[in-house]
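The values are calculated or read from the model by the stated rules, or taken from the named source; none is laboratory data. Keep in mind the model is a prediction, meaning the values are calculated, not measured. Neighbour counts run over all protein chains shown; Cβ positions are idealised from the backbone, glycine included. Protein only, heavy atoms only, side chains kept; ligands, DNA and RNA dropped before computing areas. Shrake-Rupley method; radii C 1.70, N 1.55, O 1.52, S 1.80 Å.
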Amino acid sequence: GLERGAKNQFSTFSNFITTINQKKEGIGNRNSPTQLVIPNIKNVRDLPPICLDVRQKQRISIDTLPQELKAPVPPEPSLPIRTKTVKDFQDDVEKAKSSGDWKAVHDFYSTTFDSFLEINAAFKKDTNSPFNTIEDSGINAKFVNVVYDALLNTPQDVQKSVLKGIINGLLQEWKGPRTKDDLRAYCILLQNPQFSNTSTYVIYAHLLRQIAALTEADHHFLVHWSKKISQRRFKQLVDRLLQFISLRLFPAKPEEFPPMVKCTWWIPSAAKVLALFNAANSLISPPIVSYTDFYNSTLDHIDLMEEYHNWQCYGNSHRFSFCQYPFIISIAAKKVIIQRDSEQQMISIARQSLVDKVSRRQKPDMNMLFLNVKVRRTHLVSDSLDELARKRADLKKKLKVTFVGEAGLDMGGLTKEWFLLLIRQIFHPDYGMFTYHKDSHCHWFSSFKCDNYSEFRLVGALMGLAVYNSITLDIRFPPCCYKKLLSPPIVPCDHNTFVGICDVTLDDLFQIMPELAHGLSELLSYEGNVEEDFYSTFQVFQEEFGVIKSYNLKPNGDKIPVTNQNRKEYVQLYVDFLLNKSIYKQFAAFYYGFHSVCASYALLLLRPEEVEILVCGSPELDMSALQRSTQYEGYQKTDLTIRYFWDVVLGFSLDLQKKLLHFATGSDRVPVGGMADLNFKISKSETSTNWLPVAHTCFNQLCLPPYKNKKELKQKLIIGISNAEGFGLE
C-alpha cells in the first residue's frame, strides 16, 4: 500500500529522477540549456553565480520603474480549459481519504503541475483576462493554498508526480522573454511546501536560479505580487529560503547535495530571490513581517570579515558576498563586522602615530596610542568639546577618559560614566540644544538659530565614539533621526552636497510630535472646504527666543492658500520643513560629527533601526536572563547570599533594576547580544557586612559582602545603587 503523511521522506532523489527519465526518454536526450543538477550525477554544468553588483545594498529597482511597464509584452499562449473549483478539489480529497482511491487527486496534481500553462489554467482567476498589471497577479490564492495544504498529506506517488511536473516545466526551452503567465507560475511554484524537504533542494535550486535570472522588469512584477501574500505564508516562504541557505552552508548530510564546487550558484540565487521578498516587505507600511525575520543566524558562524573584505575589494567583479544582501545578516553579526573594522582602523592609526614618532627620532609614549580625554566634572561639556576639537586626528584611537582630580584608572568604567554624564547634561532642557517632547518621550533638535553649531558636532562625535568603542548610550531620538544619519551612509566628497536630508512622511512626524501630526492628518481627511474653513497659506510660524518668525514653505507661500486640491503638498512641505529644512545646520553638524568617527563602508550594511540599537542598546531588561548568565567568584549560585540577592533584584521596580545595571556596568541599557553579552560577575567581598556593595564597571563586576539576611542585603544594595557617581582606588 502507499504510505502518506507530511513526515514521509522521499526515496533518494537520484533514483526518482532515473525513474522519470526512463518514462520521459525525450527529456534525457534533449540538449536543454537548463539541465538539472542531480545528486550522484557527474556531468553537472557549473553555472555562473547570480548576484547583485557588489556595491549594491539589497536594492531592487522597484521605484525607478513606471507603474505600468511599457516593454513589449509577448503574446500569452491560449490556456487549456480547467473547470475544477476549490470545493470540487476538497470533495475529491475527502473521497480519497475515505475510500483509499487517490486516482482523481493524483490526476489533478499530475495534470496541474505538468507545465506552466497547466498551472495557469488551474489557478488563474480568469483564463480570458491577461492580468498584466502589478496590482493584481490574477492568482486564485485560496485555491493555491488549499491545494498546497493538502499536498503533504497525499501518498508519495502523488507528491512525486508534482515534482516530476515541476521538472518538466523547468526543463522547457525558453524562446524570448517570459510572459506574465510564466511569472504567475514561478510565483505559485515558490509556495510549494515540498521545498522544505532537503531531498527536493536540487529542483528548488533550479527554480530559484531561473527566478533570479529574470529581467528587472519581471522582478518588478514579482515584488508587487508578493506583497499580496498573507503574512503566515509570506513568512513560510522567507523561512524556507533562509533554511535552504543554512543547509547548503552547513549540511547535516553532505551526501544529500552535489559538491559545493558544482553548485556555487545555489546560495547567490536564493539570496537574490530573498531580496525580492525583502523589497516586497519594505513596500508596505507596516511591513508584512519584521525586518529581523530576514536574519539568518547561521551566518554568525562564518568568516564575516572575509565576506566584508570580498565586498570591499571586488567592486567591479561578480564575486558573491553576503554583504551584498545585508538584510540577511543579523545585528549581532553586523556588530562584529563594525567592531573588527573599528579595531583595524584603531590599530592602523596607532601604528601610524608610532611610525611618525620614530621617524622624528622622538621617544614613543604609550599615551600616543589612545584618544586621551581629560575633563573637569564642573566644566564637563566645554572641556569635552575642547578636547575632541584639539584631538580630531586621534578620534579613531581607543578612548581613555580621566576626570581631573580623581584617582580612577580608565579600564572602561570612566569612559562609560563620561558618556552618561555628558549626555545627561547636553540633553537637559535648560541647555537648549534639544527639545523633549513628552507625548512621544523623545528628543528632537532645537530649530533655534545660532552662530556656532560645534556642540551638535560634539553630540554626533559622542554617538560615533560610542559605536566605535562599543558603549551603549541612553539617548532617546526618534527613528527618523537614524534614517537621516544614514543619508547618505558615506560622507560625500563634495562638501556642497546636502547631508542628513531624507524622505520624511507624516508617520515620521507622528513619532516626534503626535499632536501636530494628528492635526495635519485631520486636515487631509477633512470633507469640507479647506480654504474657507481653515484660512491657511503655505506659510508657517515658529517661536524663537520669544519672537514669532514666519517661514514660507514655497516661494510666495504667504500668498498661496491651502485648498482641497493642494493640501497634500502643504502637509508634505510642512513635514519636510520641520524634520529637514528648519534644523538643517544643526543636523548637518551632528551628521559630520558622527561620521568623523564612524566613517566606514560597514555603515552601508545597516538599517536605521540597527544604528539605533548599536548606539542605544535595548531598553528592555530581562533580569531572569541576567541571572542565568551571571558568573560567580567566591560564591556558588546556591549560596544563601546569592539567593537573597536575586530574590531582591527580581522584586525591584524597573527603575531600581536600571540603577543596579548602571551601578554594576556603567550603563542601564542592554547590549546587542542581550544580557549574556554583559559577562556580569558577582564576587565575594571579604569586607565587613557593614560595608556597601562595590562595583568594578570596567569588568561589569559586583563585589557583594556576605550579608546575614535579605533585609540587610536589600537595604545596603538600594543605598549603594542610588548613590553611585564618582570613582576611587582602594
**Prompt:** Within the stretch 116-127, is even one residue among the acidic types (Asp, Glu) and over 24 Å from PHE244 (Cα atoms)?
**Reply:** yes
**Item:** Qualifying position, being farther than 30 Å from LEU486 by Cβ, open to solvent by 40 Å² or more (accessible area, probe 1.4 Å) and in contact with an Asp or Glu (Cβ under 8 Å, 6 or more places away or on another chain), among LYS684, LYS658, LYS708
**Value:** LYS684
**Prompt:** Which one of the conditions (1) part of a helix (DSSP H, G or I); (2) under 16 Å from the mean Cα position of the chain (by Cα) does SER384 fail to meet, given that it meets all the rest?
**Reply:** (2)
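I'd like to know if the stretch 111-119 contains one or more residues that are crowded, with 20+ Cβ neighbours inside 10 Å and either without any contact (Cβ under 8 Å) to a residue 12 or more places away in the chain or over 21 Å from VAL202 (Cβ atoms) (or both).
The first filter runs over the stretch 111-119 and keeps only residues crowded, with 20+ Cβ neighbours inside 10 Å, leaving 112-113, 116, 118-119.
Next cut, either without any contact (Cβ under 8 Å) to a residue 12 or more places away in the chain or over 21 Å from VAL202 (Cβ atoms) (or both) only: 112, 118.
Taking every residue of the stretch 111-119 in turn, at least one turns out to be crowded, with 20+ Cβ neighbours inside 10 Å and either without any contact (Cβ under 8 Å) to a residue 12 or more places away in the chain or over 21 Å from VAL202 (Cβ atoms) (or both).
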**Prompt:** Only one residue in TYR591, TYR551, TYR584 is assigned to a helix (DSSP H, G or I), touching a Gly at 6+ places or on another chain (Cβ under 9 Å) and open to solvent by 50 Å² or more (accessible area, probe 1.4 Å). Which one?
**Reply:** TYR584
**Request:** Note down all Cβ pairs under 6 Å where the first residue falls in the stretch 220-243 and is outside any helix (DSSP H, G or I), the second is hydroxyl-bearing (Ser, Thr, Tyr), and they're at least six residues apart or on different chains.
**Result:** none
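Would you mind stating whether GLY176 is out of contact with any Leu (no Cβ under 7 Å at 6 or more places or on another chain) and within 30 Å of ALA104 (Cα to Cα)?
Spelling it out, it is not the case that GLY176 is out of contact with any Leu (no Cβ under 7 Å at 6 or more places or on another chain) and within 30 Å of ALA104 (Cα to Cα).
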**Prompt:** Of all residues in the stretch 400-441, which are modelled with pLDDT of 85 or more, among the aliphatic types (A, V, I, L, M) and within 27 Å of PRO478 (Cβ to Cβ)?
**Reply:** LEU421, LEU422, ILE423, ILE426, MET433
**The listed residue being modelled with pLDDT under 90 and touching a strand residue (DSSP E or B) at 6+ places or on another chain (Cβ under 7 Å), out of MET368, MET346** = MET346
**Request:** Scan the stretch 299-350 for residues that are buried (at least 16 other Cβ atoms within 10 Å of the Cβ) and of a type in the set (Phe, Trp, Tyr) and jot them down.
**Result:** TYR308, TRP311, PHE320, PHE322, TYR325, PHE327
**Prompt:** Just one of the numbered conditions (1) closer than 30 Å to ASN132 by Cα; (2) in contact with a strand residue (DSSP E or B) (Cβ under 8 Å, 6 or more places away or on another chain) is not true of GLN156; which one?
**Reply:** (1)
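Need at least 3 residues that are outside the structural domain of ILE203 (by the TED database) and over 24 Å from ARG232 (Cα atoms) per element, so show me which helices (runs of 4 or more DSSP H) inside the stretch 89-164 make the cut, counting only ones lying wholly within it. Steps first, please.
Working: elements: 103-112, 116-123, 141-151.
By residue number, no helices (runs of 4 or more DSSP H) qualify.
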**Prompt:** Are any residues in the stretch 152-190 among the basic types (Lys, Arg) and surrounded by fewer than 16 Cβ atoms within 10 Å (Cβ to Cβ), and if so, which ones?
**Reply:** LYS175
